[in-house]
Amino acid sequence: MTAATTLETAAVAFPFDNSFARELPGFYVARPPTPVRAPRLLFLNEPLADELRLNLASLAVATKAAIFAGNIVPAGAQPLAQAYAGHQFGGFVPQLGDGRALLLGEIVDRHGRRRDIAFKGSGRTVFARGGDGKAAVGPMLREALVSESMHALGIATTRALAVAATGEDVQRETVLPGAVLTRVAASHLRVGTFQFYAARGEIDLLRRLALYTIARHDPDLRDAGQPFLGLLRNVVARQAALIAQWMNVGFIHGVMNTDNMTISGETIDYGPCAFLEAYDPATVFSSIDQRGRYAFGNQPPVAAWNLARFAETLLPLLSDNVDEAVALATEAVSAFSAQFEEHRLRGLRAKLGLRRAGPDDAALAFDWLALLHDQRVDFTLGWRRLADAASGNEAPLRALFADPRALDPWLARWRANDADPQAMRMANPFVIARNHRVEEALAAASDHADLAPFERLLAAVKQPYLESAAQAPFAEPAPAALTACYRTFCGT
Ligand code: AMP
Ligand code: MG
């Protein structure tokens, strides 16, 4: 096959409106997706397609597969690779960019929200460096599973619209089946996007980027004084809210490089991510995170560090006076930790079923976490069984503790609050995308082309608060020995 065709475009017109391509020429390199040998649709997110006003129902299955593998480029798409830089594990890389991703364009959805539609794994771009531009079935289905789980948990995240198998081999440590993911995001603007221009000293381009970002994500700032300071403050606020949610659900991102931190406040880049099982803030699953930089408990300070890097890029826009710019930026970034604590405590209060805020809530919450830590209790089930205890059924909770008597003094304190069990069941999920279940589903899909476990797990994680017999197998933690040697890899 040669270049991707625009045949059938009339049938597959998407309602694109591409502000990035239109308003920021010079910020990207246009290029079409690389056609693949044998497209086959593995996953299509129909509710999301509907939100995006995509009329896919009338299309043949083969046409849908061809679209989401990149063989048919829908009318109105303007595929392009975005430039960005980033701090990877603390070291600055001045040029990363979309090595294997392409922004197809933007669609304003049914709710009036502008959203990026982008491919991942659609071939090499000028930013590919040594990479092959491809992606494998397992990691792309992982992104779909974990991001849908996060979405169902009410956490801001990019979404997966589709995963199409390519029918081609991808060479990793072993030969793997290839795939293309279609990702939907509020935008793909990252801290690293700003770093790319700031590091080059391209102040005019940086200003244009910042103005575009403000128009897109923070339009209320356009007429305010100090719009760039406002942008910085809003990004800090969004990340404080996001990281608090990660911490309250036991999510470990695994690779919080600045190129993987969005300006929109959405979780992005599901590579080596995983959920905690036994509660321990030092938990690291990623094989490449040898020093635990992105350990569970390190996520808040790492986010603050990343935000400081973002603030640095904005210094020339904040004030002509360097000292004043630094003072403004420092103040904005240092607001992170109090905001984060506030969001986290609000979430913990809900998880504890507290009906009103009180001065001892933080101590109550952190003493509970210390108990979970001491006894290596499964984070998700520990909270969920606390909700049962609120309804008078304490036995399932006690069964999670090696020494249940250690619970008694804490339970007595908590009971004085008359916790609301119904509210607790809406704040404490029963089903998350457990690591061993995810691996099992991906192995079946990747090794045996069997999508049934993926589909069952996806259905389960989409109803995280539902406790039923059908949900129960997905709520069980992995055997501790398995979790102890569980390793994740950068999603390739
Ligand atoms: P990530 O680890 O996914 O955040 O990606 C870091 C950088 O490596 C980005 O610039 C990616 O575009 C690039 N990259 C990752 N995998 C590949 C690949 N297989 N081919 C080309 N570029 C890649
Ligand atoms: Mg990335």
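The values are calculated or read from the model by the stated rules, or taken from the named source; none is laboratory data. Everything numeric here is computed off the predicted structure, so don't read it as measured data. Reconstructed Cβ throughout: ideal geometry from the backbone, glycine too, with neighbour counts over all protein chains shown. Calculation scope for accessible area: heavy atoms of the full protein, side chains included, ligands and nucleic acids excluded. Shrake-Rupley method; radii C 1.70, N 1.55, O 1.52, S 1.80 Å.
Between Asp50 and Asn321, with labels modelled 7 Å along Cα→Cβ, what's the label distance in nm to one decimal, could you check?
Output for this residue pair reads 5.7 nm.
Quick one: check the C-alpha center-to-center distance for segment 396-447 versus segment 199-216, whole angstrom.
Segment 396-447 and segment 199-216 have Cα centres separated by 45 Å.
Relative to the first principal axis of the alpha-carbon coordinates of the chain, what is the inclination of helix 452-461, with its axis defined by its Cα atoms, in degrees from 0 to 90 and to the nearest 10?
60 degrees
Which trypsin sites (Lys or Arg not before Pro) from segment 33-73 combine a DSSP loop assignment with at most 16 other Cβ atoms within 10 Å? Intermediate values should be presented prior to the final figure.
Numbers: sites: Arg37, Arg40, Arg53, Lys64; in loops: Arg37, Arg53.
Counting only loop positions with at most 16 other Cβ atoms within 10 Å, the trypsin sites (Lys or Arg not before Pro) in segment 33-73 are Arg37, Arg53.
Could you rank the peptides 480-490, 237-247, 17-27 by their average count of other C-beta atoms within 10 Å per residue, with the highest value first?
Values: 480-490: 13.5, 237-247: 22.1, 17-27: 15.4.
Averaged packing, sorted descending, gives the order 237-247, 17-27, 480-490.
Put +1 on the Cβ of each Lys and Arg and -1 on the Cβ of each Asp and Glu in the chain; which of Leu189, Ala478, Gly250 then has its Cα farthest toward the positive end of the dipole?
The residue sitting farthest along the positive end of the dipole is Leu189.
If you roll a 1.4 Å probe over segment 3-191 with all protein chains in place, what percent of the accessible area is carbon or sulfur?
54 percent
With r as the distance between the Cβ atoms of Ala459 and Ala224 and R0 = 41 Å, compute the FRET efficiency 1/(1 + (r/R0)^6) and round to 0.05. Mind showing how you got there, number by number?
Working: r = 45 Å, r/R0 = 1.09.
Once the sixth-power term is evaluated, E becomes 0.35.
Which Cα, out of Val93, Ala165, Ala13, lies furthest along the positive dipole direction of segment 3-191 (beta carbon charges, K/R +1, D/E -1)?
Val93
Residue separation times 0.36 nm, minus the C-alpha to C-alpha distance between Arg355 and Val175: what's the value?
On the way: separation 180, 0.36 × 180 = 64.80 nm, distance 5.39 nm.
Extra length available between Arg355 and Val175 comes to 59.4 nm.
Scan around Val170 for amide H atoms under 5 Å from its own, H built in the peptide plane at 1.01 Å from N, and keep only partners 5 or more places away or cross-chain.
Leu176, Gly178
About its Cα centre, how strong a charge dipole does the chain have in debye, to the nearest 20, once Lys and Arg get +1 and Asp and Glu get -1 at the Cβ?
Details: 49 positive and 52 negative charges, 102 e Å.
My answer is approximately 480 debye.
Give me the net charge for the shell around Ala441: Cβ to Cβ below 13 angstrom, other residues only, Lys and Arg +1, Asp and Glu -1.
With Lys, Arg at +1 and Asp, Glu at -1, the neighbours total -3.
Of Ala399, Ala210, Pro421, whose Cα points farthest to the positive end of the dipole of the chain (charges on the beta-carbon: +1 Lys, Arg; -1 Asp, Glu; origin at the Cα centre)?
Final value for the positive-end residue is Ala210.
Add -39500 (n - 2.57) for each DSSP H run of 4 or more in the chain, then divide by its residues: what number comes out at 222 nm, to the nearest 500 deg cm²/dmol? Each step should come with its number before you reach the end.
Working: 18 runs with 212 residues, N = 492.
Calculated from helices alone, the mean residue ellipticity at 222 nm is -13500 deg cm²/dmol.
Between Val61 and Ala469, what is the label-point separation in nm under the 7 Å Cα-to-beta-carbon projection?
Roughly 3.1 nm, to one decimal.
Quick check for me: using +1 on Lys/Arg Cβ and -1 on Asp/Glu Cβ, what's the dipole size of segment 354-419 about its Cα centre, in debye to the nearest 20?
Once rounded to the nearest 20, the dipole reads 140 debye.
Explain nothing, just the number: relative contact order of segment 3-191, from Cα pairs under 8 Å at least 6 residues apart, as a whole percent.
Normalised by residue count, the contact order of segment 3-191 is 25 percent.
At R0 = 35 Å, how high is the FRET efficiency between Ser334 and Phe489 if r is their beta carbon distance? Nearest 0.05 is fine.
Working: r = 35 Å, r/R0 = 1.00.
The formula returns an efficiency of 0.50 here.
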